[in-house]
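Notes follow once the structure below has been shown.
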């Protein structure tokens, strides 16, 4: 077996001999993902752990063993392996989502170990919130065994929840893609809800970098629900789940749910051609045909477009699927329809409004279908509103993070000719004075956006004289880029873009971030001025993370 790069909270608890639970009566919230490095389930580990009493299990949506389909209520039962009672936290009513005082009465601590997938409407985080509320009221401790966010902890995407649109899939005002682990969410929930008396214990992962998606962890992907079979499913899910709010098939009943989507009446080639015109980053599209074996359009041939995340770090699944819905509605406004039957215990607002968190996006799609908004440019106001929510949440979540953000991780290293090095974090770059920064580099380099700091100032801060006749090797490790250029010519003109133009949020990868080097006046560095064409080839360096100084 390949040794994982990350140790989960459960693995840390196992290797510590379950010492934090000695003498405790434990109730465990689990599903099939609650396994250690040997694929032994937490229920079995607790059942045989010396000094620990496994008193009961709690099953979230889909059940302890993960065999129930979406929105199928699960009853209480006896676990055949351990003999303890299993209390369902997903029954036939909204009240069933929260443990009762009687179920918690003889427990000392509730242990939560369920893999999340990083989307607000994936219901396991809502279950954690409801359990924390109940435990607080009953004076019980909660222990969260943390696991990595499969789609990374950096990207945040989408709106938060408008008042009146709270539900099981929008139980807390989070963006749709929140970029947090369940352990971090638990800390945020405790603060936001004022659960000051709750004894919350989080056992963090070890070795996880927020920038890492699931493949980088080395951990096996155990499907957390019947229609979440792979990491790729999780990656598209922040957008793909929107299809649930329509009469289109979201691919349930196929081997690729949420990646495959469509309806019998769509023209897949025309749809693919239309969405490609949006120029979305990190994604390609394939016209597809499929036949669901169950769920919407069961046994009917459906046609649609399957997204492929060609660059997961740049892929914006929510924007991608929102735009796809606009194009589908525009292609067949007479056939496109929203889902109006009850959804996750709620009849009104309708499903799509619960998923987005407000009616705003539905109204945009309706206007696109009627020809009142352009299918590409008609999203601009909505996307700007999303950016505001994303930026505000990035600040709000910061005190609750367990794993450093890129702002506190060195983004740029300057290695001097003597071999010593100076590292710069995002906060270091923000700290340069006004004389060495611009708020919008677009005034100097048309077509580029973002706040930037002078390259010469960075070099001087690193102890490098930018006027000396040395050379710089510019490196971007994510794609292996390296280029050698003369120091004086580059240093006096170069700018390092490090933040968005509208605030202090880091420059996103889709704009060339976290750091992007640009040179405004390359024309003055022609050969008549003594320089070579090397500088011209380095007008822009996306993902710059290392500068080496050579004699």
- Six or more apart or on different chains, Cβ under 9 Å: which pairs go from a residue in the range 15-43 that's surrounded by fewer than 17 Cβ atoms within 10 Å (Cβ to Cβ) to one that's at pLDDT below 95? Could you list them? 37/1; 37/3; 37/4; 38/1
- Message: If I filter the range 459-489 down to residues being in a helix (DSSP H, G or I) and modelled with pLDDT of 80 or more, which single residue comes out as farthest from residue 546 (Cα to Cα)?
- Response: 488
- Query: Only one of these conditions is not met by residue 427: (1) touching a helix residue (DSSP H, G or I) at 6+ places or on another chain (Cβ under 8 Å); (2) surrounded by 20 or more Cβ atoms within 10 Å (Cβ to Cβ); (3) in the same structural domain as residue 471 (by TED's automatic domain parsing). Which number is it?
  - Reply: (2)
- Just a yes or no: is a residue in the range 287-296 part of a loop (DSSP other than H, G, I, E, B) and crowded, with 18+ Cβ neighbours inside 10 Å? yes
- Please go through the range 281-299 and pick out each residue that is modelled with pLDDT of 95 or more and within 25 Å of residue 513 (Cβ to Cβ). 283, 284, 285
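Being in contact with a strand residue (DSSP E or B) (Cβ under 7 Å, 6 or more places away or on another chain) and not in a loop (DSSP other than H, G, I, E, B) is the filter here; which residues of the range 178-218 pass it? Lay out the reasoning, then the answer.
Initial filter on the range 178-218 (in contact with a strand residue (DSSP E or B) (Cβ under 7 Å, 6 or more places away or on another chain)): 182-183, 186-187, 190, 198-203, 205-207.
Listed by number, the residues that qualify are 182, 183, 186, 187, 190, 200, 201, 202, 203, 206.
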- Hey, can you tell me all the residues within the range 402-422 that are within 26 Å of residue 542 (Cβ to Cβ) and in contact with a helix residue (DSSP H, G or I) (Cβ under 9 Å, 6 or more places away or on another chain)? 403, 405, 406, 407, 408, 409, 410, 411, 412, 414, 422
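Can you report the number of residues in the range 151-177 which are in a strand (DSSP E or B) and within 28 Å of residue 411 (Cβ to Cβ)?
From the range 151-177, those in a strand (DSSP E or B) are 157, 167, 170, 177; that's our starting set.
Among the residues that remain, those that are also within 28 Å of residue 411 (Cβ to Cβ) are: 157, 177.
Qualifying residue count, the range 151-177: 2.
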- Only one residue in 128, 195, 145 is farther than 22 Å from residue 36 by Cβ, touching a residue at least 40 places away in the same chain (Cβ under 8 Å) and assigned by TED's automatic domain parsing to the domain that holds residue 36, so which one is that? 195
- Evaluate the range 263-276: report whether one residue or more is part of a loop (DSSP other than H, G, I, E, B), over 17 Å from the mean Cα position of the chain (by Cα), assigned by TED's automatic domain parsing to the domain that holds residue 243 and more than 23 Å from residue 361 (Cβ to Cβ). yes
- Message: From the list 230, 246, exactly one residue is over 24 Å from residue 21 (Cα atoms) and free of Cβ contacts under 8 Å to residues at least 60 places away in the same chain. Which is it?
- Response: 230
- Task: Could you list, in sequence order, all residues of the range 96-133 that are farther than 24 Å from residue 224 by Cα and assigned to a helix (DSSP H, G or I)?
- Result: 101, 102, 103, 104
- Note: among 175, 224, just one is touching a strand residue (DSSP E or B) at 6+ places or on another chain (Cβ under 8 Å), surrounded by 21 or more Cβ atoms within 10 Å (Cβ to Cβ) and touching a residue at least 60 places away in the same chain (Cβ under 8 Å), namely 175
- Item | Which listed residue, of 324, 363, 373, 330, is more than 30 Å from residue 201 (Cα to Cα), at pLDDT 95 or above and either in a strand (DSSP E or B) or touching a strand residue (DSSP E or B) at 6+ places or on another chain (Cβ under 7 Å) (or both) | 324
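On the given criteria, is residue 273 surrounded by fewer than 20 Cβ atoms within 10 Å (Cβ to Cβ) and modelled with pLDDT of 95 or more?
For residue 273, the condition - surrounded by fewer than 20 Cβ atoms within 10 Å (Cβ to Cβ) and modelled with pLDDT of 95 or more - is met.
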- Task: Determine if the range 426-441 includes at least one residue that is closer than 16 Å to residue 501 by Cβ, free of Cβ contacts under 8 Å to residues at least 12 places away in the same chain and within 25 Å of the chain's Cα centre (by Cα).
- Result: no
- Message: Could you check the range 298-320 and list, in sequence order, the residues that are buried (at least 21 other Cβ atoms within 10 Å of the Cβ) and in a loop (DSSP other than H, G, I, E, B)?
- Response: 315, 316
- Message: Residues to consider are 154, 114; find the one that is modelled with pLDDT under 95 and touching a helix residue (DSSP H, G or I) at 6+ places or on another chain (Cβ under 7 Å).
- Response: 154
- Just wondering, is there one or more residues in the range 391-401 that are in contact with a helix residue (DSSP H, G or I) (Cβ under 8 Å, 6 or more places away or on another chain), within 23 Å of residue 248 (Cα to Cα) and loosely packed, with under 15 Cβ neighbours inside 10 Å? no
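The values are calculated or read from the model by the stated rules, or taken from the named source; none is laboratory data. What you are looking at is a predicted structure, and each value in this text was computed from that prediction instead of being measured. Every residue, glycine as well, gets a Cβ built from its backbone with ideal geometry; the counts of neighbours run over all protein chains shown.
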